[in-house]
1. Taking the criterion of being within 13 Å of the ligand (Cβ to nearest atom), among the acidic types (Asp, Glu) and more than 15 Å from ALA68 (Cα to Cα), would at least one residue in the range 30-44 satisfy it?
2. Report every pair of residues separated by at least 6 positions or lying on different chains whose Cβ atoms are under 6 Å apart, first residue within the range 39-67 and assigned to a helix (DSSP H, G or I), second more than 10 Å from the ligand (Cβ to nearest atom) and of a type in the set (Gly, Ala, Ser).
3. When the range 38-70 is examined, which residues are found to be of a type in the set (Gly, Ala, Ser), surrounded by 14 or more Cβ atoms within 10 Å (Cβ to Cβ) and either at pLDDT below 90 or at positive phi (or both)?
4. How many residues does the range 7-29 contain that are in a loop (DSSP other than H, G, I, E, B), among the basic types (Lys, Arg) and either more than 14 Å from the ligand (Cβ to nearest atom) or at pLDDT below 90 (or both)?
5. So ILE4 clears everything in (1) modelled with pLDDT under 90; (2) surrounded by 15 or more Cβ atoms within 10 Å (Cβ to Cβ); (3) β-branched (Val, Ile, Thr); (4) not in a loop (DSSP other than H, G, I, E, B) except one condition, right? Which one?
Amino acid sequence: MSKIRKKYGKKFCKYCANKVETVDYKDLSSIKFALSERFKIMPRRLTGTCKRHQEILEKAIKRSRQAAFIPYVVDRNNVVSSPFDLIK
Ligand SMILES: [Zn+2]
């Protein structure tokens, strides 16, 4: 827990800080902040993302999965340090 907390640093909403109003499901660079190594949506308590932006992100991530931009599940044996290297 403390390890994870360190990784994500202080709690603040990155999307508010950048004045993001909408998250494009095709914009993986925005979405990937909200995903774990296994493409799970990061909980707000870890990322500090506000409720409003978390909801926007969840919608974007679901659309992105339907459009196959990101996988639903990642094989446990195939976990890499940066799964986004797999996406071109
Ligand atoms: Zn926010």
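1. Going through the range 30-44, the residues within 13 Å of the ligand (Cβ to nearest atom) turn out to be 30, 33-34, 44.
This time we only want the ones that are among the acidic types (Asp, Glu), so: none.
For the range 30-44, residues within 13 Å of the ligand (Cβ to nearest atom), among the acidic types (Asp, Glu) and more than 15 Å from ALA68 (Cα to Cα): absent.
2. LEU57/ALA34
3. Once the filter is applied, which keeps residues that are of a type in the set (Gly, Ala, Ser), surrounded by 14 or more Cβ atoms within 10 Å (Cβ to Cβ) and either at pLDDT below 90 or at positive phi (or both), the range 38-70 yields only GLY48.
4. Result for the range 7-29: 3.
5. (2)
The values are calculated or read from the model by the stated rules, or taken from the named source; none is laboratory data. Nothing here was measured: the structure is a model prediction, and the numbers come from that model. Don't worry about glycine lacking a Cβ; one is built from the backbone with ideal geometry, like all the others, and counts go over all protein chains shown.
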